[in-house]
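Peer 1: Structure provided below as structure tokens; questions to follow.
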Amino acid sequence: MELCTFRLAGRLFGTEIGLVKEVVEHVNIAEVPHAPPEVSGIVNIRGKLHLVVDLRRIFGFAPAETRTDVRLVLFKNAVGESMGVQVDALGDVISIDPRLIEDRRAGEIADGASQFDERRKARQGIALGVARTGSGLMVVLAPAGILPAMREQAADEFRH
Amino acid sequence: MSEIEDAGILQEFREEAGDHLATLESVLLAMERDGISTDDLNRIFRSAHSIKGAAGFLGLTGIGAVSHAAETVLSLLRDGKMTFGKGVAASLLSAVDVLRRLLEAAPGDGGVDSRPIVGQLEGLLDPPTAASVMEESEEFHELGARGRSMSTTTFRLRQIPSNHRHQYILCYTKGELSRRQAVGQSPVALVRELQKLGHLVDDKLQEVRMGEVLPDEAVSILVLFSTDLEPTHIAKATNLPLDCIQELDLGKLLADIAKDESSLLREFEPGVPPPPLPPKALPRTKPQPTVLHPDPMIEVRPAIPDKAGNGIPEAPAAPAVGTHETPNPSATETVRVRLDVLDRLMRLAGELVLVRNRQLSRLDGASIADRETSQRLDQVTAGIQDAVLSARMQPLGNVLSKFQRIVRDLGHKLQKEIALNVEGGETELDRTLLEALADPLTHIVRNCCDHGIEKPADRVRAGKPAGGTVSVKAWHEAGRVRIRIKDDGKGIDANAVRAKALEKGLRAEDELSRMTDREVRQLVFLPGFSTAASVTDLSGRGVGMDVVRSAIERLGGAVTLDSEPGSGTTLDLQLPLTLAIVPALVVVSRGCRFAIPQASVDELVRLYDEDVERIESAGREDLYRLREHLLPLVSLGHVLSSREPLGADDRAAFSEADRVARTARLDEFRKGERVAVSETFAVLKAGEGRFGLILDKILGTEEIVVEPLHQGLGNPGIYAGATVLGDGEIALILDTQGVCRHAGLQPADLDASVVGAHEQQALGMLLFRAGPDEQLGLPLSALRRVVRLRSDEIERSGEREYVQLEERSVRVERLDRHLSLSLAPAQQDGFLLLPSGDDRSWGILASALVDSGEYRFRMDESPEEGSFVRGTALLRGHRTLLLDESRLRQELSR
């Protein structure tokens, strides 16, 4: 299994390379007032508008300092229509054995009777699991879970 | 090729056959109205023939049988062996309907039985004709050399044009067909190509021995082909190897057959009238074993006229509307383009613009050669953009063409004689708009037939011709599309509308009596004005007119109605040319760009220096007096600042902060620390009303391409979409109604009548008292109705008072709480003045009514009376406080 890796908030992430449409740098993200907080904004990639999701908000990481040079990983339409995530730095493409990805979801769900159940479950839909690599622990993303997780958070927000 | 191997081929056939059916239908309708012509018959004969030909090639037997029967009837009509009557037209139109259904269901038959219609068509022939046609189509001739021979009937051979000197059997192996398919020539395209070169008399799948697996080369389709191409040219023209072409010598056979049938196909010998011919028979329509159906005709018309990229039949239908058709007047070569390809082209053209812009911005210090190249790039880009946009445009005739049929069928059903006149079918508009327009237009035309046009007897009694006319006229005007639908029916009786509106509780009686007839007629657009059950009681129309209006308004258009009782009704529609590309005002707020569609912008107001104080803060929200109307204002920045809709407190806080900031800037200006102070707002439409949106910066106007918002944005109500601007930046498109809603503003009605400050004008006023002392005045237009109120009907809830009226709770407002007036005794019977408009939640308490009527007066400003009073005037001998209705509304409607 080949993974496209990137860094976000000091952590290493990877996503199956077959799901990545392209990687773009140096684009302007247009802010969308009233958009859900997990949305960074929209970008124009060769005349087509794409949604940019802020994974920091979804995972609950500290917000980034404002950066001028934006890097995006855009996903194929199978993942969600015209959508991508903002990353801090791009890494190499690495190859790992899928059996080495530990699914930590089962454990978390078992001990997670917390009040953030809904959010946690939503977040878990985004991560396939973790894998050990030469450069440390890597979270393997399931990008198809991103848009559903956002819907879940919106509903959650509505409830509270 | 007896089975369909590729859905793409089927789709191609469906589109092409759809075009032919549209031609058939419109020509049949025109002939039913205006009589037959040889040109028309030839044209639709070719259409039926083409459908049959390709259907046979694709093995669609149901379609083949029906189109074959229709073709036979048409050929007999053309040859003068049958007369064209109502029954014939109706049967042929039914055949068109059945073919449409079969086409949709193909390759299956979708449960559509083709036999009844075939029987119906055959039943049109008188028995001797039927018998001789049958005889002719059962008389087989074996042609060609052994191994590559095929048989065909006298009937088919008779269709060979007399000027064709050469006949061939062409052999297409399955391998050959696959190779052609690979380079994009489908069987449908192949049939079309052959028809351009000559006449496809017959074709058949060469028999193969059962149970034997054959290589592709051994299965083939044989085509009996007639043309005037010499043997030396035929190989090149058909692109077939020589051993697949077999020349026939049919001269004698054809001469025998043609002995008494000298000029069959008049399209090859124009001007020659059809000689009287002995009756001939209808061929049996059941498929012959192993002989596939098609015997399509040559198509010598310039090209199949369908506009690039629309996928909907165009030219044959468009000019056909209401007028007698001439084949393809434009004679422009066209091809089909898939919609997604066109959309992609459109996007790419947009990108090209961005590239061009970037290039142009780098020209500083460039060489002359570079400049020239860039200029050329600039021109070419603009040209491409124009061309792509025009490719999306389609004539309105595409929609109007189906109205002939609707009107005809409705006329039959309602037993009315109705003619439809269409003008301007060639008027073009964007395809998305056209699609959205089809339903409301159909609705209007149906209404004209149903409720506008009277029965023939009634019309004659009214001194009008028995037949009614519905006319549809379309034209371009001032960058918009205008469509006028007019009938010469009985019109709309304003008093009937009044009665209906009263009965439905849509308007109060006094309000209705004040409205002009024209105003009253517009009430048919109100939701709930009529239902299908009640509308027949009403002289006029009105079924779902609210739906029509909202559909048109959603498209950025407008609709108005006018009617002359006894002589008809006219509906005027105004529409933008395109939905995809709209002119918009581009503005900046909080560092983001926003686009406001021009259709929503009434005007821009810029205030300089001292004038900025004319924005009144009023402690609650910003207001600006625009030509005697109070316009509520909000700053776009404030609307954007909160995801939650703004409440009264938010508005008050923003308004106060803005006022402080404005005053501070003005102070700086007065002290000379600032060169100028200015404030800009746009007057925007929100439904019927208006509000002002304060903008930080206006960049200008631009034609924008509207793109839907990504669903991940969770549908914020203030946007109508997004767009990429010419410089590549993104702008969000504001939905003005959503912005107004988010800001919690009550839009002002700028059309409401106003008490002119200095001019004398007649104004309907109600004079009343609240407290014992002052006489108050309110324009009648501000009131819906006045009801008597006993003090014991008033229920108290804390500080507030309510009464039950019209099955709801209505808040009783005492004016002495809002302006300085003498106090009315708490326990006193009186009147409740209910405001006009949508808000039914409050009414003003009056202790006594003084008078009502038209008054001419001069108003004096008297600011000391407070903000709810516009001024004072002397009415009926008393100083009267003229209340500011819009201010009252602003205040009380929250």
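The values are calculated or read from the model by the stated rules, or taken from the named source; none is laboratory data. Values in this document were obtained by computation on a predicted structure and should not be read as measured data. Cβ sites come from the backbone with ideal geometry, for glycine too, and all protein chains shown count toward neighbours. Keep in mind that these areas ignore ligands, DNA and RNA; they rest on the heavy atoms of the full protein, side chains included. Shrake-Rupley method; radii C 1.70, N 1.55, O 1.52, S 1.80 Å.
Peer 1: Can you sort B:M134, B:M515, B:M31 by solvent-accessible area, 1.4 Å probe, largest first?
Peer 2: From most accessible down to least: B:M134, B:M515, B:M31.
Peer 1: Here's another thing I want to ask about it. Whenever you get a sec, line up A:K21, B:K196 from highest to lowest accessible area (probe 1.4 Å, protein heavy atoms).
Peer 2: The residues order as B:K196, A:K21, largest area first.
Peer 1: Using a cut-off of 11 Å between beta-carbons, work out the net charge of the residues near B:E511 (Lys and Arg +1, Asp and Glu -1, B:E511 not included). Before the final figure, lay out each step's value.
Peer 2: Details: positive: B:R498, B:R507, B:R514, B:R784, B:R785; negative: B:E509, B:D510, B:E519.
Once positives and negatives cancel, what remains is +2.
Peer 1: Okay, moving on. Mind ordering A:129-141, B:702-714, B:61-73 by average Cβ neighbours within 10 Å, highest first?
Peer 2: B:61-73, B:702-714, A:129-141
Peer 1: A further question follows. Give the distance, in whole Å, between the Cα centre of segment B:553-607 and the Cα centre of segment B:39-108.
Peer 2: 45 Å
Peer 1: Given the pairs B:K174/B:K252; B:K81/B:K473; B:K174/B:K196, which are separated by over 27 angstrom at their Cα positions? Can you show the working numbers first?
Peer 2: On the way: B:K174/B:K252 33 Å; B:K81/B:K473 38 Å; B:K174/B:K196 22 Å.
Over 27 Å apart, Cα to Cα: B:K174/B:K252; B:K81/B:K473.
Peer 1: Counting only the heavy atoms of the protein chains, how much of B:S367 is accessible to a 1.4 Å probe, in Å² to the nearest 10?
Peer 2: The value for B:S367 is about 60 Å².
Peer 1: If DNA, RNA and ligands are ignored and the probe is 1.4 Å, what is the ranking of B:V388, A:V23 by accessible area, most exposed first?
Peer 2: A:V23, B:V388
Peer 1: While we're looking at this one, here's another question. Over the heavy atoms of B:Y608, what accessible area does a 1.4 Å probe trace out, to the nearest 10 Å²?
Peer 2: Around 120 Å² of this residue is reachable by solvent.
Peer 1: Using the Karplus equation 6.51 cos²θ - 1.76 cosθ + 1.60 (θ = phi - 60°), what ³J(HN,Hα) coupling, rounded to whole Hz, does each residue of segment B:444-458 give in order, writing x for Gly and Pro?
Peer 2: For segment B:444-458, the Karplus-derived couplings read 5, 5, 4, 4, 4, 5, 6, 10, x, 6, 8, 5, x, 4, 5 Hz, x marking Gly and Pro.
Peer 1: Cβ under 13 Å from B:E477's Cβ, B:E477 left aside: what net charge do those residues give with Lys, Arg +1 and Asp, Glu -1?
Peer 2: Around B:E477, the surrounding residues sum to +3.
Peer 1: If I model a spin label at A:H26 and B:R858 as a point 7 Å from the Cα along the Cα→Cβ vector, what separation in nanometres do I get?
Peer 2: Going from the A:H26 label point to the B:R858 one covers 7.3 nm.
Peer 1: Within the set of other residues whose C-beta is less than 13 Å from the C-beta of A:E22, count the net charge using Lys and Arg as +1 and Asp and Glu as -1.
Peer 2: Here the count lands on +4.
Peer 1: Which of the three applies to segment B:336-415, rounded, prolate or oblate, going by the alpha-carbon gyration tensor with a ≥ b ≥ c and a/c under 1.5 meaning rounded? Please report the intermediate quantities before stating the final value.
Peer 2: Working: a/c = 5.93, a/b = 4.37, b/c = 1.36.
The shape class here is prolate.
Peer 1: Could you compute the FRET efficiency for B:E603 and A:D97, with r as their C-beta to C-beta distance and R0 at 56 Å, rounded to 0.05?
Peer 2: Numbers: r = 67 Å, r/R0 = 1.20.
Calculated transfer efficiency: 0.25.
Peer 1: So how exposed is B:H629, as accessible area in Å² (1.4 Å probe, rounded to 10)?
Peer 2: 20 Å²
Peer 1: Amide H to amide H, which residues 5 or more places from A:A9 or on other chains are under 5 Å from it, using H placed in the peptide plane?
Peer 2: A:D88
Peer 1: Still on this structure, I have one more. Keeping all protein chains in place, calculate the accessible area per residue for segment B:364-409 (probe 1.4 angstrom), answer in Å². Intermediate results must be reported in sequence, preceding the final value.
Peer 2: Working: 2330 Å² over 46 residues.
Computed with neighbouring chains in place, this is 51 Å² per residue.
Peer 1: Count, for each residue of B:702-714, the Cβ atoms from other chains sitting within 10 Å of its Cβ, then give me the mean as a whole number.
Peer 2: What the average comes to for B:702-714 is 5.
Peer 1: Probe of 1.4 angstrom, ligands and nucleic acids ignored: what's the accessible area per residue over segment B:30-146, in square angstrom?
Peer 2: Value for segment B:30-146: 37 Å² per residue.
Peer 1: Pull up all non-local amide H partners of B:G468: gap of 5 or more, or a different chain, and H-to-H distance under 5 Å with H placed in the peptide plane.
Peer 2: For B:G468, the qualifying residues are B:E417, B:I418, B:A419.
Peer 1: Related question: Considering the zone a paramagnetic label at B:S791 would reach in this model (a point 7 Å from Cα along the Cα-to-Cβ line), which residues of segment B:825-866 have amide N under 11 Å from it?
Peer 2: The answer is B:825-830, whose backbone nitrogens lie closer than 11 Å to the label point.
Peer 1: Turning to a different aspect of this structure: Quote the FRET efficiency, to the nearest 0.05, computed for B:A657 versus B:R614 with a Förster distance R0 of 22 Å and r equal to the Cβ-Cβ distance. List each step's numbers first, then the result.
Peer 2: Working: r = 18 Å, r/R0 = 0.83.
Efficiency computed from Cβ-Cβ geometry: 0.75.
Peer 1: Calculate the all-directions average of the projected area of segment B:437-485's alpha-carbon convex hull, and give it in nm². Provide the component values of the computation, followed by the final result.
Peer 2: Numbers: hull surface 16.7 nm².
The Cα convex hull of segment B:437-485, projected and averaged over all directions, gives 4.2 nm².
Peer 1: Going by the alpha-carbon gyration tensor, a ≥ b ≥ c the square roots of its eigenvalues, is segment B:766-850 rounded (a/c under 1.5) or, if a/c is not under 1.5, prolate (a/b greater than b/c) versus oblate?
Peer 2: It comes out oblate by the Cα gyration axes.
Peer 1: Total Å² of accessible surface buried at the A-B contact, 1.4 Å probe, nearest 100?
Peer 2: When A and B are taken together, about 2000 Å² of accessible area is lost.
Peer 1: Then there is this: Which of rounded, prolate or oblate describes segment B:4-157 when judged by the alpha-carbon gyration tensor and an a/c cut-off of 1.5?
Peer 2: oblate
Peer 1: Something else about it: Which length gain, in nm to one decimal place, applies between B:A131 and B:R817 when the Cα-Cα distance is subtracted from 0.36 nm times their residue separation?
Peer 2: Numbers: separation 686, 0.36 × 686 = 246.96 nm, distance 9.70 nm.
Separation in residues times 0.36 nm, less the Cα-Cα distance, equals 237.3 nm.
Peer 1: Averaged over peptide B:636-644, how many Cβ atoms belonging to another chain are found within 10 Å of each residue's Cβ?
Peer 2: Neighbouring Cβ atoms belonging to other protein chains average 2 per residue here.
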